[in-house]
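The values are calculated or read from the model by the stated rules, or taken from the named source; none is laboratory data. Not measured: the values here are computed from a predicted model. Here the Cβ positions follow ideal geometry from the backbone for every residue, glycine too, while neighbour counts run over all protein chains shown.
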Amino acid sequence: MVIDTILQKISAEQKFMISVVIVNAGNYLYNLLLGRILGPEEFADAALLITFLLVLSFLAMTFQLTVAKFSVIYDQDVFVSFINKMYKYAAFAGVALGILLILFSESLQEVFNTKSSDMFIIFGIGVPVYFFMSVNRGVFQGGKKFDKLAVTYQAEMLTRLMITLVLIYAIGAQFSILIALGIGISFVLGLFPFRTKDISLFKSYTLPPNQSKYVTKFFVLTAFYELTQIIINNSDILMVKHYFETYDAGLYASLALIGRVVYFVAWMFVMLLLPKVVQKQKDGEPHTDILFKYVGYIALLSSCIIASCYIFPEFVINSMFGSEYLSMAPLLWKYAIATSLFAISNIFAYYFLSLDQYIPVILSALLGISQVVLIVYFHENLTQVVLMQIVAMAILLVFQILYFLKKEIMNKRAKI
């Protein structure tokens with residue numbers, strides 16, 4: 001009875017936030033167990049697959065955010081045409097990307113110094129399913145069906161964790177192939193619950209010309225921003241895997257996975273922020289308070305994590321990955337600073353994106369490219385790689401804040 005009473009008092013958004021914390025914890029447990037079981041050298045290939053999964057999630061997030069935004073805006077008749085077109089586009093994009101991964105699997109093996117090309121083939125087969133899953137999640141997100149949205153994330157996380165561990169201990173095959181299998185199976189189970197209402201992929205649907213242009217513009221710019229996310233959030237691991245020995249790449253992957261806890265939690269606030277801001281904009285209500293609230297949450301969380309990584313670096317790494325990874329301890333708090341700066345600037349970027357203001361997207365792209373350039377020229381050691389990221393992300397956050405202040409001043413002048 002007490003539990004039922006407590007659950008009734010918790011809002012759908014709060015339940016979703018709790019669910020995201022659980023999902024992130026599960027994903028972290030997945031990464032940590034792989035790090036401990038495999039050791040630095042084998043973990044390097046596993047971390048590459050996890051990075052590919054993050055890259056895929058950013059690409060598919062274009063569909064999810066587009067569906068979430070227009071689910072709020074469109075009435076039922078237009079929404080039916082819109083959602084069916086989005087599923088068709090997702091199917092095309094997923095199949096095309098999957099085929100590319102399969103065709104270039106051997107080239108990817110050479111570039112990233114992996115032990116097998118089969119892991120890229122298996123991963124490519126699962127890609128179309130992930131795109132479908134993301135459109136489905138966008139419907140739940142836009143409709144504020146946070147309970148169903150939470151279930152899809154939990155199903156994906158739990159099945160990936162459990163199936164991967166079962167495969168590793170039950171089958172004597174190459175670890176990277178087993179991990180790719182676990183990831184692919186989790187995509188299928190992450191589809192559920194699947195919203196089947198109004199979906200008819202074999203009928204022809206059209207949007208009004210003005211709406212079609214609006215959707216296309218938002219989709220393209222969101223895709224462009226997600227591409228910058230891929231560059232900023234994953235280029236370091238990919239470049240370290242290319243420039244450094246496999247053992248060092250495995251050590252760096254452990255550092256990245258610990259330091260990115262801030263960014264993973266920030267996604268929870270992005271999920272809640274976008275439909276709220278779009279709705280308030282539609283109703284003509286102020287919405288900067290939402291931005292301040294979520295930036296405050298991330299800033300507080302970031303400060304706690306950076307402090308913990310600075311004071312107890314060896315304890316954190318030893319507890320999570322084990323003594324084999326302790327050489328990364330001095331870099332932990334510095335990497336946490338880089339990801340914290342990125343997480344806060346990301347909240348600003350998605351806030352403006354939901355308002356159809358795209359200059360922050362361009363700023364992110366420029367700083368993402370600058371981060372890659374800096375690492376290309378300064379990668380004598382892993383410390384240098386981390387410092388280059390801090391420089392790029394600090395500049396990005398300053399620009400995002402300056403742009404926000406400029407827009408606020410302009411809005412106040414317009415009201416006078």
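Filter segment 89-120 down to residues that are more than 21 Å from the chain's Cα centre (by Cα), at pLDDT below 95 and within 30 Å of K203 (Cβ to Cβ), then give me how many there are.
Residues in segment 89-120 being more than 21 Å from the chain's Cα centre (by Cα), at pLDDT below 95 and within 30 Å of K203 (Cβ to Cβ): 1 in total.
From the list V72, V95, which one is closer than 30 Å to R195 by Cα, β-branched (V, I, T) and surrounded by fewer than 15 Cβ atoms within 10 Å (Cβ to Cβ)?
Testing whether each residue is closer than 30 Å to R195 by Cα, β-branched (V, I, T) and surrounded by fewer than 15 Cβ atoms within 10 Å (Cβ to Cβ) leaves just V95.
Look through F269, F218 and report the one residue that is more than 17 Å from the chain's Cα centre (by Cα), in a helix (DSSP H, G or I) and over 18 Å from F43 (Cβ atoms).
F218
State all residues of segment 18-54 that are at pLDDT 85 or above, of a type outside the set (A, V, I, L, M) and under 14 Å from the mean Cα position of the chain (by Cα); if no residue qualifies, say none.
F52
List the helices (runs of 4 or more DSSP H) inside segment 313-380, counting only whole elements, that have at least 2 residues being surrounded by 22 or more Cβ atoms within 10 Å (Cβ to Cβ) and at pLDDT below 85.
Output list reads 332-354, 359-377.
Report, by residue number, each residue of segment 180-210 that is free of Cβ contacts under 8 Å to residues at least 12 places away in the same chain and part of a loop (DSSP other than H, G, I, E, B).
T196, K197, F202, S204
Is it the case that some residue within segment 117-139 is aromatic (F, W, Y), under 20 Å from T66 (Cα atoms), touching a residue at least 24 places away in the same chain (Cβ under 8 Å) and surrounded by fewer than 24 Cβ atoms within 10 Å (Cβ to Cβ)?
Yes, segment 117-139 has at least one match.
Of the conditions (1) in contact with a Lys or Arg (Cβ under 9 Å, 6 or more places away or on another chain); (2) under 29 Å from Y350 (Cα atoms), F321 fails just one. Which one is it?
(2) is the only condition that F321 fails.
Given the conditions (1) without any contact (Cβ under 8 Å) to a residue 40 or more places away in the chain; (2) surrounded by 15 or more Cβ atoms within 10 Å (Cβ to Cβ), and given that T222 satisfies all but one, which numbered condition is not satisfied?
(1)
Among the residues of segment 35-81, which ones are under 29 Å from Y351 (Cβ atoms), in a helix (DSSP H, G or I) and of a type in the set (F, W, Y)?
F52, F58, F63, F70, F79
Quick check on my filter: what residues within segment 124-142 are more than 17 Å from the chain's Cα centre (by Cα) and either among the charged types (D, E, K, R) or under 21 Å from I237 (Cβ atoms) (or both)?
Residues satisfying the conditions are G124, G126.
Return the residue satisfying two criteria in turn: it lies in segment 16-36 and is within 20 Å of F321 (Cβ to Cβ) and hydroxyl-bearing (S, T, Y), and of such residues it is surrounded by the most Cβ atoms within 10 Å (Cβ to Cβ).
Y30
Which condition does G296 not pass, out of (1) buried (at least 17 other Cβ atoms within 10 Å of the Cβ); (2) under 24 Å from the mean Cα position of the chain (by Cα), if it passes all the others?
Tallying (1) buried (at least 17 other Cβ atoms within 10 Å of the Cβ); (2) under 24 Å from the mean Cα position of the chain (by Cα), G296 fails exactly one: (1).
Taking segment 313-324 on its own, how many of its residues are within 25 Å of the chain's Cα centre (by Cα) and among the aromatic types (F, W, Y)?
The number of residues fulfilling the criteria is 1.
Is there a residue in segment 107-120 that is in contact with a Lys or Arg (Cβ under 6 Å, 6 or more places away or on another chain) and of a type in the set (F, W, Y)?
The answer is yes; a qualifying residue exists.
If you check M388 against the conditions, is it in a helix (DSSP H, G or I), more than 22 Å from the chain's Cα centre (by Cα) and hydrophobic (A, V, I, L, M, F, W, C)?
Here the answer is no, as M388 does not meet what is asked.
So, in segment 389-415, how many residues would count as being closer than 25 Å to F224 by Cα and either in contact with a His (Cβ under 8 Å, 6 or more places away or on another chain) or without any contact (Cβ under 8 Å) to a residue 12 or more places away in the chain (or both)?
Matching residues across segment 389-415 total 4.
Limited to segment 381-416, what total is found for residues that are surrounded by 15 or more Cβ atoms within 10 Å (Cβ to Cβ) and small (G, A, S)?
Number satisfying all stated conditions: 2.
Return the total of residues in segment 158-192 being under 28 Å from V139 (Cβ atoms), surrounded by fewer than 21 Cβ atoms within 10 Å (Cβ to Cβ) and among the β-branched types (V, I, T).
The number of residues fulfilling the criteria is 4.
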